[in-house]
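The values are calculated or read from the model by the stated rules, or taken from the named source; none is laboratory data. In this text the structure is predicted, and so the values were computed from the model without any measurement. As a convention, Cβ positions derive from the backbone with ideal geometry for all residues, glycine included, and neighbour counts pool all protein chains shown.
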Amino acid sequence: MFFGPKVDLTPAEFRESLDKEGGMVLDCRTAQECATGMYPNAVHADWMNGELHSKSQAWDKESPVYCYCRSGARSGAAAEFLKQAGFKKVYNVGGYGQLSRT
C-alpha cells in the first residue's frame with residue numbers, strides 16, 4: 001500500500017519551526033512548476049536538473065533547511081542529499097499545495 005512520501009514536519013509545524021528558528025525554505029521543483037507560485041522567500045534549486053548539488057555548496061550547513069516540491073518525493077530525496085552533505089537541520093515539509101493552503 002502506498003502512503004506517499006515521508007514528511008518530517010506538517011505545514012503547521014513547518015511554520016512554527018521557521019518562525020522560531022529561521023532558516024532557508026528550498027523549492028526543489030522545476031522552473032515551470034515554480035512559475036505557478038512559490039512559498040514566500042523560498043530559494044529555488046531544481047532537484048531534477050542537478051542545481052541543488054552546485055548551489056548547496058554555498059549554503060550554511062548549520063542553518064535549518066526546509067525542503068518542498070510538488071508532492072514531497074523530490075524534496076525527500078533533496079533532504080536526504082543535504083543530510084549526507086553535512087547539513088545539520090534538514091526537513092522535508094512535503095508538497096507546495098499543502099504549504100500554500102494553510
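When restricted to residues that are surrounded by fewer than 18 Cβ atoms within 10 Å (Cβ to Cβ) and in a strand (DSSP E or B), segment 25-66 contains 2. Scanning segment 30-47 for residues that are closer than 16 Å to LEU82 by Cβ and not aromatic (Phe, Trp, Tyr) turns up ALA42, VAL43, HIS44, ALA45, ASP46. For first residues located in segment 12-30 and free of Cβ contacts under 8 Å to residues at least 40 places away in the same chain, partners that are part of a loop (DSSP other than H, G, I, E, B) and buried (at least 17 other Cβ atoms within 10 Å of the Cβ) and lie 6+ apart or on another chain with Cβ distances below 6 Å form the pairs THR30/ASP46. The selection criterion, being modelled with pLDDT of 95 or more and touching a Leu at 6+ places or on another chain (Cβ under 9 Å), holds for PRO64.
Looking at segment 74-102, which of the residues that are in contact with a Gly (Cβ under 8 Å, 6 or more places away or on another chain) and of a type in the set (S, T, N, Q) is modelled with the lowest pLDDT? Restricting to residues being in contact with a Gly (Cβ under 8 Å, 6 or more places away or on another chain) and of a type in the set (S, T, N, Q), the top hit is SER100.
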